[in-house]
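Notes follow once the structure below has been shown.
Just so you know, all these numbers are worked out from the coordinates, no wet-lab data involved. This one's a predicted model, so the numbers in the text were calculated from it and none came from an experiment. Neighbour counts are summed over all protein chains in view; Cβ atoms, including those assigned to glycine, are modelled from backbone coordinates with ideal geometry.
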Amino acid sequence: MESTTIKSNFKSEEYFINMGPQHPATHGVLRLLLTIDGEIIKKVEPDLGYIHRSIEKMCERDSYQQIVHLTDRMDYLSANINNEAVCLCVEKALELEVPERVRVIRTIIGELTRISSHCLWWGVMGMDVGALTTFFYGFRDREMLNDIFEETCGARLTMNYNVPGGLMFDIHPNFVSRVKEFIAHFKTKIPEYDRLLTENVIFQKRTKGVGILSREDAISFGASGPVARGSGYSCDVRKYHPYSALDQVDFNEPLRTEGDTFARYSVRIEEMWESLSIVEQLIDNIPEGEYRVPTKAVIKLPKGEYYQKVETARGELGVYIISTGTKSPYRLKFRSPGFSNLSLLNHIAVGGKIGDLVATMATLDLVIPDIDR
Amino acid sequence: MIIGLSITRDIHDWLYGAMPEWAASLTEMVLIALVYLGIFAVAGLFLVLLERRIAAWFQQRLGPNRVGFQGLLQTMADALKLLSKELTGTTKADTFLYNLAPYFVIISSLMALSVFPFTREFQAFDINIGLFFLIAVSSIGVIGILLGGWGSNNKYALIGAMRSGVQTISYELSVGLSLLTMVLLTGTLQLSQIVEVQKSGWLIVQGHIPAIVAFMIFMISGTAETNRAPFDMVEAESELGAGFHTEYSGMKFAYFFLAEFINMFIICAIATTVFFGAWLSPFGITESIPLLGVFWFLLKTLMLVFLMMWFRWTFPRLRIDQLLTLEWKYLLPMNLVNIVIMAVMVWLNLTIKF
């Protein structure tokens, strides 16, 4: 009797802790229900819905031009790529050929958006593992891109630059020179990122061998983007289903086989180099021509189902439109990369420490509005 | 109490002339306590500002530069704001412990500050176990952190407090042992005597290689002991929100915050005293002006403070198990070997003396 009391007194108990919806590491209003034993994570349950705005339902009400504006508010860090996805899908349905100039500009802006998104991710990644300075370095370089976007279309984050049939405006006369300036600047900055964070011993110890995701699991959880490529699963939509001007450029798909947090990190750093090279190949060869094909004021898609996928900074974004021939879709479904990437969090974080969870979550690069929509 | 500067001597004589001895010494104690409280507050506020400006410099920002000349009054303004804020608390918290915690932290820092030899004979009390007193008193602070974490009735605070307990107990060993290495050279724990020994060369020169190793271990474990990045497990903001002081607001929070900066100052001041000759000027260039000792002491300390800030704004944070591995598997064995080397060196008289 006596001994059992002592035993139960000293039993180590699992306890429950609420991470979020207001927590610095969840980068938004994600709520994680953690079951912890001391510092070791036993279970992670994401609880979604805190920023659900029923975007898909709103799409059923709006015209196709209006839908483009809604997509900005999903994954706001790759807003332009989301816009492009919807426009490409609508153009596919209308069998509309956009001018070469539009295709090239879309690709350039898309890759710049990817760089800007990765810059922010890199800053936040550093902050999550405790190196606060990276945040400001990432934002410094992102600022140059935001200025370019602002000059081009008037908005810095939610750009709405694409419309079905082309672009909202032509590019600014300064665009080419400013992008070149940025390329020259950023080429000196990625090595700086490496010196500050990648090569740091503490950072490598924190990320190597942590949150390992095998290739099989990456495929079965439907992971995409840098998360899947960090596990050796080649899945770049830009390679396999090139859209816009991506078939004209030569670029590599960075792949890592380790599947740990550091692999996902390095894939993103290499992606920045690749995006830079894509922009570099295209920036001198923007063809002359129209920046927009005129479309009808009210776009009505022919009856049928249409699907278009693009590679956002986070992975594969799919737009699936079912049209009944009216001015708005009967049903529109977004296949967002963040949702499937979040679903594997429990799988890879269990068994790690709280610090590991935060580092792992940072390399999943979650944008919560993209998950909740 | 030894106070050698002439103005304090005058006050001392006047007090003893004007009132009975017990009243005079009581008044003197209160006066000295007030002076140290003043030093404490000013140093804390200045260090907060310094940290913010240095962080801004590292991060390509401007930092606070609007309130007063170059933002000198910014932290005053912040302190006033914190004073006027509501003191919130949690329900079902252990109110007594919750309220007690900040005072433990602040008192331990304040007590430790009193033994430093800022310049010749400018020392509130010079006890013969000075170094031991410093180590003992500065580790009282962790009790405050543990109480705060426990009393808050918040799981994040509790995790932070437990981490702090583990961390301080581990790194206390390295702090103590690395200082002990230097005590082998000085042969005394009294801080004024340690300074006296260094008149024939700062200890880091006297003890050369083992002293440099001891200094490096001391700075690493000192950073860990003050819970600063890269060892800020206690308040790892991306993991635990604000850690042990999550539930504190207003002036109680400010106490924790100030104490952190004072602790950093204390660690650097210990390093200055033990390794870099406290108030002694390099090559004795200002030997004849004792007041300049304060300048040298603060200069050396602030350079070490800068080093610690440099750590903080460059390195990522360690994980809790890596933190313990570093201490128990690397620093501690290195430290023990280092002590033996130092002992052999002192025995064979291999020290460098001028």
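Stokes-Einstein diffusion for chain B, with the hydrodynamic radius set to the Kirkwood value over Cα pairs and evaluated at 4 °C in a medium of 1.567 mPa s, equals 60 µm²/s.
Quick one: check the C-alpha center-to-center distance for segment B:169-227 versus segment A:247-315, whole angstrom. Cα centroid to Cα centroid, the span is 58 Å.
Working note: 222 nm ellipticity from helices only, DSSP H runs with n ≥ 4, each -39,500 (n - 2.57), summed and divided by the residues of chain B, gives -22000 deg cm²/dmol to the nearest 500. At what distance in angstrom do the alpha carbon centres of segment B:105-156 and segment B:303-327 lie from each other? Between the Cα centres of segment B:105-156 and segment B:303-327 lies a distance of 21 Å. In plain terms, the bigger the Kirkwood radius, the slower the diffusion; for segment B:58-134, with that radius from Cα pairs, at 10 °C and 1.306 mPa s, Stokes-Einstein puts D at 94 µm²/s. In terms of distances greater than 29 angstrom between alpha carbons, the cross-link table entries A:239/A:300; A:205/B:155; A:239/A:333 yield A:239/A:300. Taking other Cβ atoms within 10 Å as a rough exposure proxy, A:234, B:164, B:221 sort from fewest to most as A:234, B:164, B:221. When the convex hull of its Cα atoms is viewed from all sides, segment A:208-264 shows a mean projected area of 3.9 nm². Residue by residue, segment A:193-198 carries 3J(HN,Hα) couplings of 4, 5, 5, 6, 10, 4 Hz when phi is fed to the Karplus relation 6.51 cos²θ - 1.76 cosθ + 1.60 (θ = phi - 60°); x denotes Gly or Pro. Sorted into 5 angstrom bins from 0, the C-alpha pair distances of segment B:182-311 split as 2, 10, 17, 19, 17, 12, 9, 7, 5, 2, 0 percent. Principal axis extents of the Cα atoms in the protein assembly as shown, from largest to smallest and rounded to whole angstrom, are 104, 73, 55.
A cut-off under 15 angstrom between Cβ atoms defines the neighbours of residue B:140, and their net charge, with Lys, Arg +1 and Asp, Glu -1, is -3.
Put in order of Cβ neighbour count within 10 Å, fewest first, the listed residues A:356, A:37 become A:37, A:356. The tail of the calculated P(r) for segment B:7-126 beyond 22 Å holds 58 percent of all Cα-Cα pairs. Given 20 °C and 1.002 mPa s, how large is the Stokes-Einstein diffusion coefficient of segment A:35-104 in µm²/s, with Rh as the Kirkwood radius over Cα pairs? Answer, rounded: 142 µm²/s.
Positive contributions from Lys and Arg (+1) and negative ones from Asp and Glu (-1), summed over other residues with Cβ under 11 Å from the Cβ of residue B:287, come out at +2. One equal scatterer on each Cα of segment A:315-358, no solvent, Debye formula: the resulting log10 I(q)/I(0) at q = 0.19, 0.25, 0.30 Å⁻¹ is -0.68, -0.86, -0.98. Cα-based radius of gyration for segment A:53-372, normalised by 2.2 N^0.38 Å, reads 0.98. Ranked for footprinting exposure by Cβ neighbours inside 10 Å, fewest first, B:285, A:322 give B:285, A:322. Within 10 Å of each candidate Cβ there may be at most 11 other Cβ atoms; applying that plus a DSSP loop requirement, which trypsin sites (Lys or Arg not before Pro) in segment B:92-194 survive? Loop-located and lightly packed - B:92. Near residue B:204: Cβ cut-off under 15 Å, other residues only, Lys/Arg at +1 and Asp/Glu at -1. The net charge is +3.
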